[in-house]
Amino acid sequence: MKPEINESELLEGLARNDRKAVETLYKQNYSMVQAFILNNNGTTDDARDVFQEAMIVLYEKAKDGQLELNCQIKTYVYSVCRRLWLKRLQQLQRFGAPVESLEDVVPVEEELEEHDRKNEAFGVMEKAMTHLGEPCKSLLEAYYIQKKQMLDIAAEFGYTNADNAKNQKYKCLMRLKKLFFAQYKKVD
């Protein structure tokens with residue numbers, strides 16, 4: 001099998017959250033990332049963390065169909081991990097050279113920044129959800145996370161019909177939106 005076909009199948013599998021694809025990507029790339037991090041003032045825990053972050057970046061890009069590789073997956077994963085690790089070292093002041101001056105890597109800064117922004121927004125959303133209170137929190141989780149139907153939600157929460165449950169969901173969503181943006185503005 002050609003590597004290109006194999007790699008495109010791996011990316012498609014990753015986008016579907018296929019266990020075999022994830023395991024294959026892990027087996028093919030983790031030892032390289034671990035060696036890089038261990039050779040650059042890191043630990044095996046650091047290697048696991050950085051590799052996991054890179055896999056999340058790769059997964060999100062593959063799932064959204066925004067991943068246009070002009071190199072092998074291995075090169076992309078290495079570049080993402082290298083950027084993440086060097087950025088972390090810089091933050092810990094264990095590495096003197098600025099990350100921007102490093103050569104021979106695939107440019108992934110925008111993708112990493114987008115990933116950081118999404119993580120920050122998810123953190124703010126999680127905080128807003130904790131401040132939302134009941135029954136709104138449970139109602140929104142039932143609909144958006146557990147993917148329950150309005151009729152089932154109406155029965156579970158004691159609403160007279162699905163329309164009343166839908167109305168309450170809308171009110172809860174507006175409260176959540178208000179809390180989210182109030183906190184999001186504080187972060188900026």
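The values are calculated or read from the model by the stated rules, or taken from the named source; none is laboratory data. Keep in mind that what you see is a predicted model, and the values were worked out from it rather than measured. Counting neighbours? That spans all protein chains shown, and the Cβs are built from the backbone with ideal geometry, glycine included. Surface areas here come from the heavy atoms of the whole protein model, side chains and all, with no ligands, DNA or RNA. Shrake-Rupley method; radii C 1.70, N 1.55, O 1.52, S 1.80 Å.
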Report whether or not Leu92 is surrounded by fewer than 14 Cβ atoms within 10 Å (Cβ to Cβ), modelled with pLDDT under 85 and among the hydrophobic types (A, V, I, L, M, F, W, C). yes
The residue from Gln183, Gln168, Gln146 that alone is polar (S, T, N, Q) and within 20 Å of the chain's Cα centre (by Cα) is Gln146
Scope the stretch 63-89; condition part of a helix (DSSP H, G or I) and open to solvent by 20 Å² or more (accessible area, probe 1.4 Å); matching residues: Lys63, Asp64, Lys74, Thr75, Tyr78, Arg82, Arg83, Leu84, Lys87, Arg88
Of all residues in the stretch 1-50, which are open to solvent by 80 Å² or more (accessible area, probe 1.4 Å), in a loop (DSSP other than H, G, I, E, B) and touching a residue at least 40 places away in the same chain (Cβ under 8 Å)? Asn17, Asn41
Counting only residues that are within 27 Å of Gln90 (Cα to Cα) and among the charged types (D, E, K, R), how many does the stretch 1-53 have? 5
When the residues of the stretch 43-60 are filtered to those that are touching a Phe, Trp or Tyr at 6+ places or on another chain (Cβ under 9 Å) and not aliphatic (A, V, I, L, M), which remaining residue is nearest to Val22 (Cα to Cα)? Phe51
